Structure formats: structure tokens, C-alpha cells
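Bear in mind that the values in this text are calculations on the coordinates, not laboratory data. Since the model is a prediction, treat every value here as computed from it, not as a measurement. Here Cβ is always computed from backbone atoms with ideal geometry, including for glycine, and neighbour counts include all displayed protein chains.
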Amino acid sequence: MIRREQRQYEPFTGYQNKPGDQRKSFQIDRDRILYSSAFRRLAQVTQVVTAQEGHVFHNRLTHSLKVGQLARRLAERLIEEQENLAEKLGGINPDVVEAAALAHDLGHPPFGHTAEEELDECATSHGLTDGFEGNAQSFRILTRLAIHRVDYFGLNLTRATLNAVLKYPWFRGLDPNSKQWRKYSVYQLDRKAFEFVRPQLDIYQTIEASIMDFADDITYSVHDLEDFYLAGLIPLELLATDKDEFTRFIDQWLRDYPHNYFAKTVQNQQHRFQNFLNATYNLKGQYRPGSFEQKAQIKRISSQLIQTYIQSVKLSEEYGDRGYLKYNQAKEEELKFLQRIVWYYVISNPRLATQRYGQKKIIRTLFEVYLEAINRDDLSFIPARFVKEFLEIKTKEDRGENKDQEKTRMAVDIVASLSEAETVLQYRRLTGIAQGSFLDYWD
């Protein structure tokens, strides 16, 4: 548990807020995240399908805004209903929760999870044992990479907000089969920042982190399904009524995760989940795809689902699967079911396989180009916003320090910081596919 005294207001570097600013410290945290270039970049980062698909699907920016709104409302509800317990658990501040929700996806690289996997492989193959992870990259952006003042790196946020961003508050584990290997929120190079945030280095989410984490789950479970159902990519009617289709769906889930509790629950209670789909989405009352009526209905359904899931959790003194949130088992199973539907019909769709192959090639090529430029001290290839850090690394190296890991991490940072439009543009220019223009903006 994070004790109350660890929720201090002092920013990371110790700099105090400007005199005369009427905002409280946690409000300043939220505003700094909202105004950062790292947050704006999310408009050009994939949620499930490429951000270039336009307004039809969520991107990381619209997703983050909705997580922020939902997380704040959940925090306000828990404070109102369980004020004493909230205070006992370390306190809940809606500004902290919203700030963490807005920041939680800052570290997602261009092309989403595809690039996350590729960057992890690139990093580990060049000696960075903790590789790449989007959550750890988010923490690194907030404490190191984001630009706010010349006096310091990062956004200079409070301990409480930085704690709330830590969904997986540990370094990468040693066992490749463990959750601690797959999911973690801190790189070894950012140990100093982590030790500031939680001096005791415990591995428990704060209650505010648990609220943000749950809000994230609700948002992508409901809104991703809404996107792809309206786009005609998820046949809910077929899944809800056809036994063979449902069997294929479950069989693939169990092939991917043979011992998954949720997959076995859905398999053993097929009628319950098919009835859930029918009752929730009112599939018997057909509307013309894309019509006003269909869209209005799906918006109403999504709103009802979100309210249902928000109401399904409450605070608990015992730390469990969702931190200090006690969830309703049936609703938790529904959430996992909805998430798997999107995975089955969209994310694992073979039509995206060739796109993902190309995206991996782009990411690896850019990583190798930037790492080579860093190793040969070629500033003409390094984006201007990274030059200050590069010069610091070079100065330490000139003093005889081995900075190979920092150089590799910088190459990862550069690629991960790009929008998808920038990524494609730079790849085309650097490989000679297209020359681009001398006037193309590149910072």
C-alpha cells in the first residue's frame, strides 16, 4: 500500500510551482500532460487499426480522452460512496486519476502493439535486457523525455500522479514466462525517478492507479467493439445465434490460452454469453447498417454498458487482481469476453497480417538507422529534440564511461516518439523510396 506521506506534492526535481498560479499541484499535473507534444502525438498513433483510417475508429488520443473522463467519474463516485475507506487507502484525487488516465498511453509507439513487439526485440538484441514496453515508455516520457522547461527533463510532475501512472510498478522480471517479464512500468535507466516516486520500491498499485487501469479496460472493451461492429467487421448477430461460429471462437481462444479461466468460463456457459450479446445489443431488432437508428442504438448501448461496469466495482481494503478495487465476477467475465471478440475478429484478422509485416520492417529499419547515426555521432540524423540528451551522453562517454545502453535506449526513444505519419515519411526518405521535400518539417 502507498502510505499517505508518499503522496507528496513536490515535483520530481524539487522545483516549486509558479507563484500566483491559482491551480493546485495535481491540476497543474493534468494540464501539463494535456498540453504536451507527447499527448498531441497520440492523434497519429494506432489504437487497433492505423490512425490513417480517419474518424471511423478510435486512435490513442480519443481513447485516452475517454479513459480520462471515465476514470474521473469513477473516482468521484468512489469518493462519494466510500470516503472513509478511500482516505484509509491513501486518498483519491480526481485530478490525479484523470492526469494518469490521460498519460497512460503516451509511451505507445507508432503502429501500436506491432511496433511495441518489434522495438522490444530490437532493444534486447542490442543489449538492453529490459527491452521496450509501452507502460515503461510512458513513465520515461513523463520523467525524462517530455519537454517543459530548460531547467529539467520531463514534465516535473508530483509523486502522486507519477504513482498513478504505474500500472505495473516494477522493473522487468527475469522469467520470460512471467507477467513481470511481459508487463512492467519502469526501465533500469529510470531507476532514479522510480526511487523518487516510491522510496520503498513496493510492487502495489496505488488506488488511483487501479481506478485508471479499470477505466482503461472498460473504455477499450466497449468502444473498440462499438467501432468495429458499426464498421461491419464484427458479426455479433452470428456469434450470438450460431453455435458453430461460437464454437470456433472459443476453440481459438483456448488454443491461444489453454488454461485461461475466462475462456473456459465462456465455453462452459455458452448460452449465458450468447444471451448477453442478444439482450445487450438487441440483435433481433435489425437496423440498416450505418443508419441513424443503428448508430443511435449502439451509442445508447455503449453508455449503458459503461455505467454498468462503473457501478460494478467498489473499494476494498484487501489488495487483489484489480488492486484495491473489488469487482463483480460476472461483469469482469463480460469485459474479458468483449475484449476477446475484438481480438478474434479484428486484431488477429489475416487481412492485417501483411500490414503488420510491413510495419515491423519500417520500425526495425528506422531503429538501425538511428542507432548507427548515434554511434557515429552524426547529429544530422538525430531529431533536434534529442540533441541535448545526446550531448550529455557524449560528454559522459568522453570521460570514459560506457554509454552503450544509453545510446541504444535513445535510438528506441526516437522511433517510439514518432507519429505514424512521421514514421512512414522518414522510412521513405531514408530508404530512397521517396525523396520527400526539403520543406518537410522534422524536429
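The lysines whose alpha-carbon is closer than 21 Å to the alpha-carbon of K88, local same-chain residues fewer than 8 away aside, are K167, K314, K326. Between the amide H of Y319 and any residue lying 5 or more places away or on another chain, no distance stays under 5 Å, with hydrogens modeled in the peptide plane.
The phi torsions of region 374-390, fed into the Karplus equation with coefficients 6.51, -1.76 and 1.60 and a -60° offset, translate into couplings of 5, 5, 9, 6, 9, 5, 5, 9, 8, x, 4, 5, 9, 5, 4, 5, 4 Hz, rounded to whole numbers, with Gly and Pro shown as x. Compared with the dominant Cα axis of the chain, that is its longest principal axis, helix 329-342 is turned about 70°.
Quick one: if the Förster radius is 45 Å, what FRET efficiency do R399 and Y357 give, using the C-beta to C-beta distance and rounding to 0.05?
Details: r = 43 Å, r/R0 = 0.96.
Calculated transfer efficiency: 0.55.
In straight-distance terms, cross-link reach from K295 covers every one of the aspartates and glutamates whose alpha-carbon lies under 17 Å from its own, apart from those fewer than eight places away in the same chain; here that gives D224, E226, D227, E237. Within the straight-line cut-off of under 12 Å between alpha carbons, the aspartates and glutamates reachable from K336 are D217, sequence neighbours fewer than 8 places apart in one chain being disregarded.
In terms of the Cα gyration tensor, with a ≥ b ≥ c the square roots of its eigenvalues, is region 353-431 rounded because a/c is under 1.5, prolate because a/b exceeds b/c, or oblate? The shape class here is prolate. The number of Lys pairs in region 353-431 with C-alpha atoms less than 27 Å apart, excluding pairs fewer than 8 positions apart on the same chain, is 10. Placing unit charges on the Cβ atoms of the charged side chains and taking the dipole of the chain about its Cα centre, the candidate lying farthest along the positive direction among S185, S419, F214 is F214. Overall, the anisotropy analysis places the chain in the oblate class: the square-rooted eigenvalues a ≥ b ≥ c of its C-alpha gyration tensor yield a/c not less than 1.5, with a/b not exceeding b/c. Between amide H atoms placed 1.01 Å from N, distances below 5 Å from T46 occur with A51, F111, G112, all of them 5 or more places distant or on a separate chain. With θ taken as phi - 60° and the Karplus curve 6.51 cos²θ - 1.76 cosθ + 1.60 applied, the whole-hertz 3J(HN,Hα) list for region 343-360 is 4, 5, 8, 10, 4, 8, 4, x, 5, 8, 4, 5, 5, 5, 4, x, 5, 4 Hz, x standing for glycine and proline.
Dipole magnitude of region 219-349 about its Cα centre, charges +1 at Lys/Arg Cβ and -1 at Asp/Glu Cβ only, in debye to the nearest 20? Mind dumping the intermediate values first?
On the way: 16 positive and 16 negative charges, 51 e Å.
Using only the charged Cβ atoms, the result is roughly 240 debye.
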